[in-house]
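Participant: Questions regarding the structure given below will be posed in turn.
The values are calculated or read from the model by the stated rules, or taken from the named source; none is laboratory data. Computed from a predicted model, the values in this text were never measured in an experiment. Please note: Cβ atoms are built from the backbone with ideal geometry, for glycine as well, and neighbour counts cover all protein chains shown. Heads up: the accessible areas ignore ligands, DNA and RNA and are worked out on the full protein's heavy atoms, side chains in. Shrake-Rupley method; radii C 1.70, N 1.55, O 1.52, S 1.80 Å.
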Amino acid sequence: MKSANAACTPRGVERPWPVLDKMSSYQLDHLQYLETESIHIMREVAAEFERPTILFSGGKDSICLLRLAEKAFRPSDIPMPFLNVDTGHHFPELNEFRDRRAAELGGKLIVRKVEDAIASGIAVPTPGEISRNRLQIPTLLAAIDEFQFDCAIGGARRDEEKARAKERFFSFRDSFGQWDPRNQRPEIWNVYNARVNPGENMRVFPLSNWTEMDIWEYIKREKLEVPAIYFSHKRPGGAPRWSVAAGDGYRSAEGKRGSARDGGPRPHHRRHHQHRSRRKPGYHGRRYHRRDRGRARNRAWFACG
Amino acid sequence: MSVHPVEILRFNTCGSVDDGKSTLIGRLLYDSKNLMEDQIEALERSADITGGGQINLANLTDGLRAEREQGITIDVAYRYFATPRRKFIVADTPGHVQYTRNMVTGASTANMSVVLVDARLGVIEQTRRHSYIAALLGIPHVVFAVNKMDLVDWREERFREIRDDIEAFLPKLGVLKDVKFIPISALNGDNVVEPSPHTPWYQGPTLLGHLETVHIASDWDLTAFRMPVQWVNRPNNPKDHSLHDFRGLSGQVARGLVKTGDPVMVLPAGIKTTVKEIWTYDGVVQEAFAPQSVTIRLQDDLDVSRGDMIVGLENLPGMSSDLRAHICWMNSRPLQKGKKYFLKHATQTVQAVVTNLDNRMNIQTFEPEPEPAELAMNSIGEIRVRTAKPLIYDGYATNRLTGSFILIEQGSNQTVGAGMLLPPTEPVRPEYQDFAI
Ligand SMILES: Nc1nc2c(ncn2[C@@H]2O[C@H](COP(=O)(O)OP(=O)(O)O)[C@@H](O)[C@H]2O)c(=O)[nH]1
């Protein structure tokens with residue numbers, strides 16, 4: 001990569017790093033810290049809401065979310081159902097994984113299909129619209145209404161895009177399901193304000209502070225099953241590439257480069273332009289044009305893995 | 001390369017508009033190579049176009065600037081970067097005077113505050129304000145990054161002058177424990193990641209070096225055990241018969257450490273029992289410490305519910321419905337005496353009424369002004385609150401999690417205030433409570 005100015009050359013990262021001394025036994029490493037924060041948030045949801053649900057797509061973030069739910073609530077049952085919005089563009093392997101995982105966890109799985117929402121007029125596609133990303137929103141809102149959910153836990157992270165950097169753990173939606181920046185509540189310490197009036201609800205994002213790297217590391221540490229389809233795409237160089245299930249079936253939005261060292265993902269080596277041409281028709285990736293920012297922001301919480 | 005544990009350090013940046021905050025964060029993100037490459041490419045493209053060849057590091061965090069110009073909600077943005085030694089969560093808090101509430105929010109979870117000072121301007125009101133808030137919020141580590149040193153010809157005297165000015169008022173703030181001063185140029189990267197050739201007179205660490213090595217293990221207080229009960233864990237018709245009598249109390253340890261077999265007390269009931277088992281999904285453990293999330297089983301089958309607190313017998317917390325606290329007001333409707341709010345403290349939400357406004361802090365002089373009529377948005381003051389049920393608490397200066405609360409406006413459900421409790425006048429008295437058993 002070319003550098004525009006010598007002063008801006010990344011420095012210091014190649015120099016030999018002192019190996020961290022063994023941590024004291026009363027210290028958490030980064031994944032343990034993120035984990036305890038997320039568990040705390042999940043338990044707050046269980047305790048403060050009447051009818052919460054967990055959005056489960058089968059994607060990598062929601063796979064972590066379910067493990068955190070197990071950690072938060074076992075040995076009890078996970079005290080909320082799983083909700084999946086099926087775009088109809090999902091690969092069958094993903095749906096199989098979703099159903100099996102929900103059954104393993106002993107949870108109730110609710111699936112609502114974009115197709116059905118279109119048929120009943122809840123979701124209205126604009127002519128020529130192939131992607132079902134946008135149509136997930138009315139489908140989801142209708143499901144929230146149908147089951148009177150007052151809270152939906154999603155797997156969105158703040159590092160996904162700049163527009164999300166200010167998202168709250170507890171993100172308030174008015175009775176129209178809308179996100180209004182002026183209505184978001186300051187979050188101080190770990191004291192979360194979960195109060196909503198009837199009809200209003202909350203989106204809760206326990207993974208807010210996780211980076212994509214943390215997600216992969218956690219999957220590895222917890223030995224979590226990831227649907228085989230994640231590994232089925234090969235990049236031109238031959239190394240496996242992760243693809244991401246989020247809404248619009250499988251997207252190749254995130255590259256994964258196998259590392260000789262530990263096989264872990266190296267997100268900062270992502271090169272979007274290399275596989276831009278490989279996108280499926282109708283792909284609306286994570287990158288969006290500036291003027292779409294508002295829309296993307298609305299959509300952002302939705303990409304729950 | 002061996003795999004070694006990586007800790008998280010959380011810090012917030014504060015400074016006045018144009019002190020170079022965005023440039024500094026951009027520099028840290030850029031130099032730690034953790035940018036998505038497309039962002040870097042976009043930057044380089046714009047650098048080519050705008051000429052000069054210098055990447056505008058502030059663009060990496062642009063959102064806030066645009067908002068500032070448009071005058072819409074300014075807020076706290078969180079950013080993430082990592083080095084092989086540590087992971088960092090940065091709370092990027094805009095510096096404008098009226099955004100005290102944002103700094104309080106960003107600082108509330110921070111191990112460290114990085115306060116930017118423009119070397120040309122020296123100490124200004126914002127510097128005092130940020131220092132005051134850092135002290136009030138009990139941030140364990142504070143760094144004053146004296147920025148734009150290139151614009152004062154890297155003069156050591158200028159750096160010392162600013163340091164002396166700051167050190168002159170720090171004692172008034174009391175509790176700041178670990179304070180460092182670093183001369184930097186965020187724009188050119190001097191002393192940000194690599195030591196600068198321009199500051200032979202400075203022997204200390206670079207900013208990133210300090211972020212990576214500052215000792216944060218003891219930021220959590222391990223001296224007295226507290227666990228607010230969050231959720232009662234009681235399996236319904238478990239298939240595993242050994243779980244039929246399982247009754248666990250789930251929560252996050254807010255202070256200290258507990259071991260299996262330790263005597264503990266459940267408050268507010270004041271009943272003593274012992275810890276039978278510490279259960280986690282990954283297996284039973286012998287001890288738990290802050291801030292782990294665990295599920296505790298007690299020896300006796302007591303009626304314990306959310307909002308109760310399990311505490312160690314040494315160093316008991318306070319328990320009272322009449323409380324004194326510092327408060328930072330966060331809403332455009334001012335805080336008024338006599339008004340009722342919901343108060344959420346740890347895992348308990350209770351009705352509360354503000355019985356008095358004792359003072360409002362004047363941040364220029366660090367002098368409290370007694371008996372203000374109200375506290376407007378972004379003011380900080382001392383108040384008295386009466387709660388419908390007693391809180392089990394520590395002074396905020398002793399422990400953030402058991403010493404803090406939020407006030408919630410009834411009706412709108414807005415979070416309107418951030419409260420920091422003054423220490424209890426006396427600990428809860430267990431001998432009196434013994435009769436209850
Ligand atoms: N000469 C010089 N200029 C700087 C330095 N740091 C920031 N600046 C410039 O100061 C201006 C304000 O910086 P910015 O990061 O946007 O400030 P913010 O408002 O605190 O985020 C920009 O034009 C920067 O290029 C520095 O170390 N030296």
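Participant: Could you go through the stretch B:105-115 and let me know if any residue there is more than 8 Å from chain A (Cβ to nearest Cβ), open to solvent by 10 Å² or more (accessible area, probe 1.4 Å) and within 14 Å of the ligand (Cβ to nearest atom). Explain how you work it out, then say what you get.
Facilitator: Initially, the stretch B:105-115 is screened for residues more than 8 Å from chain A (Cβ to nearest Cβ), giving B:106-107, B:110-115.
From what is left, the residues that are open to solvent by 10 Å² or more (accessible area, probe 1.4 Å) are B:111.
Imposing the further condition that a residue be within 14 Å of the ligand (Cβ to nearest atom) reduces the set to none.
The answer is no, given that none of the residues of the stretch B:105-115 is more than 8 Å from chain A (Cβ to nearest Cβ), open to solvent by 10 Å² or more (accessible area, probe 1.4 Å) and within 14 Å of the ligand (Cβ to nearest atom).
Participant: So for the stretch B:200-215 (the condition being within 16 Å of the ligand (Cβ to nearest atom), in contact (Cβ under 8 Å) with a residue 60 or more places away in the chain, over 30 Å from B:H345 (Cβ atoms) and touching a helix residue (DSSP H, G or I) at 6+ places or on another chain (Cβ under 7 Å)), does at least one residue qualify? Can you show your working first?
Facilitator: Kept after step one, since they are within 16 Å of the ligand (Cβ to nearest atom), are these residues of the stretch B:200-215: B:202, B:206-208.
Imposing the further condition that a residue be in contact (Cβ under 8 Å) with a residue 60 or more places away in the chain reduces the set to B:207-208.
This time we only want the ones that are over 30 Å from B:H345 (Cβ atoms), so: B:207-208.
In the following step, the residues that additionally are touching a helix residue (DSSP H, G or I) at 6+ places or on another chain (Cβ under 7 Å) were identified as B:208.
Scanning the stretch B:200-215, I find at least one residue that is within 16 Å of the ligand (Cβ to nearest atom), in contact (Cβ under 8 Å) with a residue 60 or more places away in the chain, over 30 Å from B:H345 (Cβ atoms) and touching a helix residue (DSSP H, G or I) at 6+ places or on another chain (Cβ under 7 Å), so the answer is yes.
Participant: Determine whether B:A388 is closer than 16 Å to B:M319 by Cβ and open to solvent by 50 Å² or more (accessible area, probe 1.4 Å).
Facilitator: For B:A388, the condition - closer than 16 Å to B:M319 by Cβ and open to solvent by 50 Å² or more (accessible area, probe 1.4 Å) - is met.
Participant: Against the definition (β-branched (V, I, T), at pLDDT 90 or above and open to solvent by 10 Å² or more (accessible area, probe 1.4 Å)), how does A:V124 come out, yes or no?
Facilitator: Numbers: β-branched (V, I, T): yes; at pLDDT 90 or above: no; open to solvent by 10 Å² or more (accessible area, probe 1.4 Å): yes.
So A:V124 fails the test.
Participant: Select the strands (runs of 3 or more DSSP E) contained entirely in the stretch B:178-233, then report the ones holding at least 2 residues which are open to solvent by 40 Å² or more (accessible area, probe 1.4 Å), farther than 30 Å from A:F73 by Cα and of a type in the set (D, E).
Facilitator: Details: elements: B:178-183, B:226-228, B:231-233.
In the stretch B:178-233, there are no strands (runs of 3 or more DSSP E) which contain 2 or more residues that are open to solvent by 40 Å² or more (accessible area, probe 1.4 Å), farther than 30 Å from A:F73 by Cα and of a type in the set (D, E).
Participant: Given B:G270, B:G312, which one is at positive phi, buried (at least 17 other Cβ atoms within 10 Å of the Cβ), under 31 Å from the mean Cα position of the chain (by Cα) and of a type outside the set (D, E, K, R)? Before the answer, list the steps.
Facilitator: Working: B:G312 fails: at positive phi.
Sole residue among the options that is at positive phi, buried (at least 17 other Cβ atoms within 10 Å of the Cβ), under 31 Å from the mean Cα position of the chain (by Cα) and of a type outside the set (D, E, K, R): B:G270.
Participant: Something else now. Being open to solvent by 20 Å² or more (accessible area, probe 1.4 Å) and assigned to a loop (DSSP other than H, G, I, E, B) is the filter here; which residues of the stretch A:39-65 pass it?
Facilitator: Passing the criteria: A:E50, A:R51.
Participant: Is it the case that the stretch A:99-118 has a residue that's open to solvent by 10 Å² or more (accessible area, probe 1.4 Å), without any contact (Cβ under 8 Å) to a residue 24 or more places away in the chain, of a type in the set (V, I, T) and outside any strand (DSSP E or B)?
Facilitator: yes
For every residue, the table says whether it meets (1) in a loop (DSSP other than H, G, I, E, B); (2) open to solvent by 20 Å² or more (accessible area, probe 1.4 Å).
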| position | (1), (2) |
| --- | --- |
| A:G155 | yes, no |
| A:A163 | no, no |
| A:R182 | no, yes |
| A:R195 | yes, yes |
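Participant: Just the residues that are surrounded by 21 or more Cβ atoms within 10 Å (Cβ to Cβ) and not aliphatic (A, V, I, L, M), please, taken from the stretch B:273-288. Steps first, answer last, please.
Facilitator: As a first pass, look at the stretch B:273-288 and keep what is surrounded by 21 or more Cβ atoms within 10 Å (Cβ to Cβ): B:275, B:278-279, B:288.
Matches in the stretch B:273-288: B:W279 only.
Participant: While we're looking at this one, here's another question. Give the stretch B:267-295 a look and list any residue that's under 20 Å from B:D245 (Cα atoms) and in contact with a helix residue (DSSP H, G or I) (Cβ under 7 Å, 6 or more places away or on another chain), or say none.
Facilitator: Matches in the stretch B:267-295: B:Y281 only.
Participant: Restricting attention to the stretch B:107-132, which residues are in contact with a Gly (Cβ under 9 Å, 6 or more places away or on another chain) and at pLDDT 95 or above?
Facilitator: B:S113, B:V114, B:V115, B:L116, B:V117, B:D118
Participant: Keeping to the stretch A:66-84, report how many residues are open to solvent by less than 10 Å² (accessible area, probe 1.4 Å) and more than 14 Å from chain B (Cβ to nearest Cβ).
Facilitator: The number of residues fulfilling the criteria is 3.
Participant: Condition (residue is touching a residue at least 40 places away in the same chain (Cβ under 8 Å) and over 30 Å from B:N102 (Cβ atoms)) applied to the stretch A:149-170: is it met by at least one residue?
Facilitator: Checking the stretch A:149-170: at least one residue is touching a residue at least 40 places away in the same chain (Cβ under 8 Å) and over 30 Å from B:N102 (Cβ atoms).
Participant: Next question, about the same structure. Among what's in the stretch B:145-161 and is in a helix (DSSP H, G or I) and within 14 Å of the ligand (Cβ to nearest atom), pick the residue that is nearest to the other protein chains (Cβ to nearest Cβ). Give the derivation first.
Facilitator: From the stretch B:145-161, those in a helix (DSSP H, G or I) are B:149-152, B:156-161; that's our starting set.
Remaining after also requiring within 14 Å of the ligand (Cβ to nearest atom): B:149-152, B:158-159.
Details: B:M149: 14, B:D150: 11, B:L151: 15, B:V152: 18, B:R158: 22, B:F159: 21 Å.
For the stretch B:145-161, the residue satisfying everything is B:D150.
Participant: Same structure, new question: When you look at B:R360, is it of a type in the set (D, E, K, R), assigned to a strand (DSSP E or B) and not assigned by TED's automatic domain parsing to the domain that holds B:R400, yes or no? I'd like the intermediate steps shown before the answer.
Facilitator: Values: of a type in the set (D, E, K, R): yes; assigned to a strand (DSSP E or B): yes; not assigned by TED's automatic domain parsing to the domain that holds B:R400: no.
Spelling it out, it is not the case that B:R360 is of a type in the set (D, E, K, R), assigned to a strand (DSSP E or B) and not assigned by TED's automatic domain parsing to the domain that holds B:R400.
Participant: Among the residues of the stretch B:289-309, write down those that are at the interface with another protein chain (Cβ under 9 Å from one of its Cβ atoms), over 16 Å from B:D262 (Cα atoms) and either more than 28 Å from the chain's Cα centre (by Cα) or open to solvent by 10 Å² or more (accessible area, probe 1.4 Å) (or both).
Facilitator: Correct list: B:Q292, B:S293, B:R306.
Participant: Right, something else. Do the conditions hold for B:E156, that is, is it in the same structural domain as B:V193 (by TED's automatic domain parsing), farther than 23 Å from B:R27 by Cβ, of a type outside the set (A, V, I, L, M, F, W, C) and modelled with pLDDT of 95 or more?
Facilitator: Numbers: in the same structural domain as B:V193 (by TED's automatic domain parsing): yes; farther than 23 Å from B:R27 by Cβ: no; of a type outside the set (A, V, I, L, M, F, W, C): yes; modelled with pLDDT of 95 or more: yes.
So B:E156 fails the test.
Participant: Specify which of the listed residues (B:L407, B:L375, B:L421) is under 20 Å from B:R226 (Cβ atoms) and open to solvent by less than 50 Å² (accessible area, probe 1.4 Å). I'd like the intermediate steps shown before the answer.
Facilitator: Values: B:L407 fails: under 20 Å from B:R226 (Cβ atoms); B:L375 fails: under 20 Å from B:R226 (Cβ atoms).
The match here is B:L421.
Participant: Can you name every residue in the stretch B:399-413 that is within 23 Å of A:V196 (Cα to Cα) and small (G, A, S)? Explain how you work it out, then say what you get.
Facilitator: Of the residues in the stretch B:399-413, the ones within 23 Å of A:V196 (Cα to Cα) are B:404-413.
Those that are within 23 Å of A:V196 (Cα to Cα) and small (G, A, S): B:S404, B:G411, B:S412.
Participant: Sort out for me the strands (runs of 3 or more DSSP E) sitting completely within the stretch B:308-351 that have 2 or more residues that are touching a Leu at 6+ places or on another chain (Cβ under 9 Å) and closer than 30 Å to B:N102 by Cβ.
Facilitator: On the way: elements: B:309-312, B:318-329, B:340-345.
Per the criteria, B:318-329, B:340-345.
Participant: For the structure I just gave you, tell me whether B:L121 is assigned to a loop (DSSP other than H, G, I, E, B), within 12 Å of the ligand (Cβ to nearest atom), open to solvent by 10 Å² or more (accessible area, probe 1.4 Å) and aliphatic (A, V, I, L, M).
Facilitator: It is true that B:L121 is assigned to a loop (DSSP other than H, G, I, E, B), within 12 Å of the ligand (Cβ to nearest atom), open to solvent by 10 Å² or more (accessible area, probe 1.4 Å) and aliphatic (A, V, I, L, M).
Participant: Let me ask you something else. I'm trying to understand the selection: among the residues of the stretch B:253-272, which are assigned to a strand (DSSP E or B), touching a residue at least 60 places away in the same chain (Cβ under 8 Å) and either more than 20 Å from B:N399 (Cβ to Cβ) or within 9 Å of another protein chain (Cβ to nearest Cβ) (or both)? Quick ask: steps written out before the conclusion?
Facilitator: Of the residues in the stretch B:253-272, the ones assigned to a strand (DSSP E or B) are B:255, B:257-259, B:263-267, B:271-272.
Next cut, touching a residue at least 60 places away in the same chain (Cβ under 8 Å) only: B:255, B:265, B:267, B:271-272.
Passing the criteria: B:I271, B:K272.
Participant: Of all residues in the stretch B:90-132, which are of a type in the set (V, I, T) and closer than 18 Å to B:L176 by Cα? Before the answer, list the steps.
Facilitator: Let us first name the residues in the stretch B:90-132 that are of a type in the set (V, I, T), namely B:90, B:93, B:97, B:100, B:104-105, B:109, B:114-115, B:117, B:123-124, B:127.
Listed by number, the residues that qualify are B:V104, B:T109, B:V114, B:V115, B:V117, B:V123, B:T127.
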